[in-house]
Every structure is written in structure tokens, then in C-alpha cells.
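The structure appears below as C-alpha cells.
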Amino acid sequence: MTYESPVLKSLKNTTPTENTYKGLVPLKENTFPKQCLSCHKQYTDLANFIANTEAVDKRASGLFDPGPKVSIPSVHLYRNCACGSTLMVICKDRRDKSEPGRKKRYLMESELITKIESILDLEINKKVEKITAQFRK
């Protein structure tokens, strides 16, 4: 059995909510209809695609930032067709690029880092206590 940190568990456990896909717009107008190359099922639009496919991982949204290597800011949405094939739709980046938007992201990242550090401190303290307790015996 492998140990998985509660921090990693909490970061992985980002179950999508009803707002997760709100505001997503395909990058290209001709994205839909989209067809699965394996079973030929067709998806008429983004809402149909999300409703009739499943998350690749039930604990994650399937949204990925392709990073700076991509010339056009975008977000990639990965979903599984009923046949099991993984499909991807490239959507417009929803991030607020304004100064207030950047400040909000900075604050959120700062809060996340602080929370992770406090959880890590607790984990380290528990491990130290456990090890020192073994030496006291």
C-alpha cells in the first residue's frame, strides 16, 4: 500500500460542479458537430458534448491549460465518449486578463500556497512526533 499525502488527495479531488463548464466557448466555430472516430457518435454542440460524455477522471474537470507553448490562449477539455474513446475540444481561455483579474488569481494562488504549507507543516509535525515516540520506547 502506498502512502498518498492528504494535500495531494485534496488537490486531485476537484470534482466538477455545475459552474465548472460555465462560459466555455469552442475556440473555432466549426468545432461542432464533433464525431467520435471510434463509434461515430455525433455531438451537436458543447452542451451536448458535456452532457453525453463522461469525465476522463471522475475527480477532475478534464480542463487543462496547454501552457505557453500554444500560440493562442486556450483551455483543452478532455471527455470520454460512451465507447471509451477520449475526445478533446479546444475552448477559448475564460481567464480575466485585466489587472483586477490578475490580482484575484494572485490572491487565490497565495491562499492556496498558504493552505498547502500549513497542511504540510501538520503532516511533518505528525511524522516527527511518531518518529520521536518510537525512540522514547
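The values are calculated or read from the model by the stated rules, or taken from the named source; none is laboratory data. Just so it is clear, the structure is predicted and the values come from calculations on it, not from any experiment. Please note: Cβ atoms are built from the backbone with ideal geometry, for glycine as well, and neighbour counts cover all protein chains shown.
Put simply, of LYS69, LYS130 the only residue that is without any contact (Cβ under 8 Å) to a residue 40 or more places away in the chain and in the same structural domain as ASN30 (by TED's automatic domain parsing) is LYS69. Which residues, counting only those in region 85-126, are under 19 Å from LEU24 (Cβ atoms) and among the β-branched types (Val, Ile, Thr)? Residues satisfying the conditions are THR86, VAL89, ILE90. Please verify whether region 100-119 includes one or more residues that are closer than 19 Å to LYS22 by Cα and acidic (Asp, Glu). No, region 100-119 contains no residue that is closer than 19 Å to LYS22 by Cα and acidic (Asp, Glu). Looking at ILE50, is it modelled with pLDDT under 90, over 29 Å from LEU120 (Cα atoms), of a type in the set (A, V, I, L, M) and outside the structural domain of GLU117 (by TED's automatic domain parsing)? In short, no. Whether any residue in region 118-128 is modelled with pLDDT of 85 or more, among the acidic types (Asp, Glu) and within 30 Å of GLN35 (Cβ to Cβ) is what I want to check. There is no residue in region 118-128 that is modelled with pLDDT of 85 or more, among the acidic types (Asp, Glu) and within 30 Å of GLN35 (Cβ to Cβ). Looking across region 96-113, just one residue is surrounded by 10 or more Cβ atoms within 10 Å (Cβ to Cβ) and more than 20 Å from the chain's Cα centre (by Cα), and that is LYS103. Picking from residues in region 72-90 that are aliphatic (A, V, I, L, M) and either in a strand (DSSP E or B) or under 15 Å from the mean Cα position of the chain (by Cα) (or both), the one that is nearest to THR53 (Cα to Cα) is LEU87. Taken together, the residues in region 97-117 that are within 22 Å of SER74 (Cβ to Cβ) and in contact (Cβ under 8 Å) with a residue 60 or more places away in the chain amount to 0.
Screening ALA60 with (1) part of a loop (DSSP other than H, G, I, E, B); (2) out of contact with any helix residue (DSSP H, G or I) (no Cβ under 9 Å at 6 or more places or on another chain); (3) surrounded by 11 or more Cβ atoms within 10 Å (Cβ to Cβ) gives one miss only, at (2). Within region 21-33, the set of residues being touching a strand residue (DSSP E or B) at 6+ places or on another chain (Cβ under 7 Å) and over 12 Å from CYS91 (Cβ atoms) comprises just one member, PRO33.
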